[in-house]
Each structure stands twice: as structure tokens, then as C-alpha cells.
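Worksheet: one structure, shown below.
The values are calculated or read from the model by the stated rules, or taken from the named source; none is laboratory data. Not measured: the values here are computed from a predicted model. In this analysis, Cβ positions are derived from the backbone assuming ideal geometry, glycine residues included, and neighbour counts consider all displayed protein chains.
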Amino acid sequence: MREWSAERLARAGGARLVASPPAGGGPDPGPARAVVDSRLAGPGDLFVGLPGTRTDGGAFADEALAAGAWGVLVSPEHSEAAGRDRRGAVLAAPDPLVALQDLSRAWRRALGARVVAVTGSTGKTSTKDILSVLLAGHLRTVASRENLNTEIGLPLAMLEAPSGTQVLVLELAMRGQGQIAELAAIADPDVGVIVNVGPVHLELLGTVEAVAAAKAELIAGLRPGTTAVVPAGETLLEPHLRRDVRTITFGPGGDVTLLHAEPNQATVAHGRERFTLEPNFSSAHQLNNLLAGVAAARALGVRPEGRVDVRFSAMRGERIALPDGIVIVNDCYNANPMSMAAALEELAGMTARRRVAVLGDMLELGPQEHRFHVEVGARAAALGLDVLVTVGPRAEAMAEGIAGRRPRPEHHPVADAAEAAALVPGLLEPGDAVLIKGSRAIELERVAEQLVAPAARPAVR
């Protein structure tokens, strides 16, 4: 947005320009990005004051301008006060969130970049990270950061893309029906990727079929002639595929398949084409995410090749080396039955003296939550894990899954993350591998922080 004047920016967001930025502010008349937290606002930023359940962000417009923000976008009741001191541009809109979304749509059109939107029950962030690496050597690529994947975060991610961006890789999150449709309308994707469909958000949606329909809102939101990338053989998505949208499938039996994999090398096929890639990951679920990424890259005409060095987002399978050969797999950003199974498989495949799983409650699973937790325990036992620490009241049901198993994992139930953080360091032995995973609200990152606390440790892949 650097090249946009305050007047153009106001028009793009459907806002009224109350005050222009001071003259002589530099060669670039517009802001570089938008922020919704006044504490993050600084020179070159457009602060958007969003009304919340407890406070109205517009009340902090003065603080943002005092910190040197390029300007503010607020509701009319805050705009006059913010414009009195003439410290920056002031834009007024009846609904600042709608204005932010409209502004991101306009910027997306002005960029002329192609957009890939990625969603799925699990693995969407990792797939986004992998795809951005596959594309980076061929096209000027910008990917959404961290969890900028909601009706607020998505526009912020789009507005961070500088002029000259050729591809935007965006993650779309979902909590219920209609939300993917809303995000797709903002992003207007050229390629829509659905990584998988599984039992998540059942508390709101009720059935996996409803989850599939909610994810398929991405397919419904594609323009004719664009491309949908979906898992091969996913029958729940088949009713939602469109004849006027090209479909590329990935995985066993699909258009994009894995022919061969070994540490640091994977051979991928797309029709008669063969691609030899050198990923810095080897777990089965990440290789499947790699196939989704290759399918999206091919939809854009990119031929991926060579090294695929991915720095996965924090707390999403992040590996950390501790002294005495202990390795943490910090995967505690979120959890559901599908991602739990994938993470346990990865842990079981690691070379280690013992394999330790610290598993917390999985939330939003509805009436079947008890069964899902029992099944996770059974899976941990079937994989031959050595130690299981269950964290929270729901995770206690995992004990039923390991009951009667031979060999049976050593089991330690604890009430919460604080208790787990106090227990786990004393359980570990040299050469152990430890997986830490649970729903975000359980705060299992406290366990990882406690393990790493004595000193900064180098990350390993």
C-alpha cells in the first residue's frame, strides 16, 4: 500500500478521509501494513481500531498516532478526536472490520498476484509453509504469518504483501459453517487447497460430513476456470467438486503421488512428470502435505525441484535438541484425533532410547470426545510408546485405551499443564524423544518451555 495516497486508500476501504497525513512524510505516501493492536503500531503502519466485546480499539487511536503510525481507520465516533492533532491520516468507517476487508480485496486486485488458499482439518499451516518454499525459487511469494487466518487476520496478511508480489499463499481457518465462504470471498483464490477432512469442531458442526461441507465452501468460492486441490479418494468432498473448476488430486491413487521416499529425498509424480525433491522432513503426514504443495505448485505452472528446506511455524512439529540427546517434538499449537494420530506415528518412527508422549485434552469434539480420547490411548499403546503423560480431564480417558495392552506404556495422569511441566523434566532420560501435543487452550507449551529453560538449545530437523 506504500504507493497509495490517503484518498485512494479511503476509497478502497469505503471510508471517509477525516484528516490527511502531514506533508513531507517521505517518498511513499501510504502505509506498509495494517495492525489491529495499538501497541504494535509504529511508523508506516495503519492502525485499525476494531470494536470488541469489552473495549473498542478506536479508543486507542491517539496512542497509535503518538507512536508514529501513518494513520488510523476507526469508527466515526473516534475519528474527530483522532484528527484534531493532525499527526497522521484519519479514516472513518461505520464498520472498521468491513473496511479492512474491503481494503485487502482492493490491494489483492491491485497487486495482480495469484492467490492460493489453504484449509483443512489438520496440516494446513505446514502445507502453507511447504508450498511457500516450493514457490519461492520461481515466483516472488508471500505467505501469511503465524495464525493470520481469520476474518481479521487474513486481511492483515494480504495487506503485508509488498508491490511486486506474484503469489500470495494464505491459510483459511474455520470454526463453523459460513466462515470459509467469508474468507474465500476476501481472498478470491486462484487455487483452493483442502489438505484433508477429519473430526474437528464437532461440537459446533456435529458430523464429519458437516465438516467436509464447511471446508468445501472453499471450492464453492472459486471462480470458474480456477483449480481445486483435494485428497484423492476423499468421498466426503466428491459431492462438492465442480465441473467448471479444474480438480487436481493428491495422495495414493491421485494425480500427484509419492513414488519413493527416503531421508532427505522424495520422488513425486504428476502424470508423466517426475520431480526429485530434497525435503528436510520425512514424516508420513508431512510428505502428504508435500504432495498437496506440489499439486498447488503445478496448478500455478511451477515445476518444483531440489531442496525443500522448511522452517515450520512455531509449536507445529518443531524439533528441539536438548543435552544428552533428548529431542522435543513441540506440536502443542492444537490437536484433534487426526493430528494426534499423525504425531504419534512420527514419534514412533524416531530413533530414541524411549519414546515419551505428553498428550493433553482435545477440545470441541462434541458427544464423541470420550471415544476419541480412548482411541488415542489405544494408538499410543499399539505403536509401542514407552511413557504416556495425559494432561487434563478428557485425556484421562486415554488410560482406557492402554488398559490390558502388552507392553503397556508407563502412564502418568496429571491435572493440567503446570503439573505436567513440573513432572516431565524428572521423567526424561538421556536419548529420549518426547512429543508434546494438545489443544491450544491446554497450554502445553509450558512443558516445552520448562524443558528448554536451562539454556538456549539449537533447533534440529
TODO: Answer yes or no: is there a residue in the range 435-445 that is out of contact with any helix residue (DSSP H, G or I) (no Cβ under 6 Å at 6 or more places or on another chain), surrounded by 14 or more Cβ atoms within 10 Å (Cβ to Cβ) and either among the charged types (D, E, K, R) or without any contact (Cβ under 8 Å) to a residue 12 or more places away in the chain (or both).
DONE: yes
- [ ] Evaluate the following for R307: is it of a type in the set (D, E, K, R), crowded, with 23+ Cβ neighbours inside 10 Å, in contact with a strand residue (DSSP E or B) (Cβ under 8 Å, 6 or more places away or on another chain) and at pLDDT 95 or above?
- [x] no
Task: Meets criteria (assigned by TED's automatic domain parsing to the domain that holds N149, in contact (Cβ under 8 Å) with a residue 24 or more places away in the chain and touching a helix residue (DSSP H, G or I) at 6+ places or on another chain (Cβ under 7 Å)) for S313 - done: no
Task: Within the range 134-165, considering residues that are in contact with a strand residue (DSSP E or B) (Cβ under 7 Å, 6 or more places away or on another chain), touching a residue at least 40 places away in the same chain (Cβ under 8 Å) and not in a helix (DSSP H, G or I), the one surrounded by the fewest Cβ atoms within 10 Å (Cβ to Cβ) - done: L139
Open item on the list: Checking the conditions here, which among G253, G225 is modelled with pLDDT of 95 or more, out of contact with any strand residue (DSSP E or B) (no Cβ under 8 Å at 6 or more places or on another chain) and assigned by TED's automatic domain parsing to the domain that holds T122?
Closed with: G253
- [ ] Test each condition in (1) of a type in the set (A, V, I, L, M); (2) out of contact with any strand residue (DSSP E or B) (no Cβ under 9 Å at 6 or more places or on another chain); (3) assigned to a loop (DSSP other than H, G, I, E, B) for A210 and report the one that comes out false.
- [x] (3)
Open item on the list: Step by step: first the residues of the range 256-274, then only those that are closer than 15 Å to R303 by Cα and of a type outside the set (V, I, T), then the one that is nearest to the chain's Cα centre (by Cα). Which residue is that?
Closed with: A266
- [ ] Pull up the range 202-230, narrow it to residues that are under 25 Å from R298 (Cα atoms) and of a type in the set (S, T, Y), then point me to the one that is nearest to the chain's Cα centre (by Cα).
- [x] T227
TODO: Specify which of the listed residues (F47, F60) is buried (at least 18 other Cβ atoms within 10 Å of the Cβ) and within 12 Å of V90 (Cβ to Cβ).
DONE: F47
Task: Residue, surrounded by the fewest Cβ atoms within 10 Å (Cβ to Cβ), within the range 368-385, restricted to residues that are more than 18 Å from I442 (Cβ to Cβ) and touching a residue at least 40 places away in the same chain (Cβ under 8 Å) - done: Q368
TODO: Select from the range 408-434 the residues that are of a type in the set (D, E), closer than 14 Å to P323 by Cα and surrounded by 16 or more Cβ atoms within 10 Å (Cβ to Cβ) and list them in ascending order.
DONE: D432
- [ ] Would you confirm whether any residue within the range 227-242 is charged (D, E, K, R) and over 24 Å from L287 (Cα atoms)?
- [x] yes
Task: Failed condition for L300, given (1) in the same structural domain as L131 (by TED's automatic domain parsing); (2) free of Cβ contacts under 8 Å to residues at least 60 places away in the same chain - done: (2)
- [ ] Please indicate, with yes or no, whether at least one residue in the range 260-269 is acidic (D, E), in contact (Cβ under 8 Å) with a residue 24 or more places away in the chain and surrounded by fewer than 19 Cβ atoms within 10 Å (Cβ to Cβ).
- [x] no
TODO: Can you confirm whether the range 115-129 contains a residue that is under 24 Å from E3 (Cβ atoms) and at pLDDT 95 or above?
DONE: yes
TODO: Determine which single condition E182 fails, assuming it passes every other condition in (1) closer than 24 Å to A314 by Cβ; (2) not in a loop (DSSP other than H, G, I, E, B).
DONE: (1)
Task: Selection from the range 349-367 of residues that are in contact with a strand residue (DSSP E or B) (Cβ under 9 Å, 6 or more places away or on another chain) and either surrounded by fewer than 20 Cβ atoms within 10 Å (Cβ to Cβ) or more than 20 Å from A417 (Cα to Cα) (or both) - done: M350, T351, A352, R353, R354
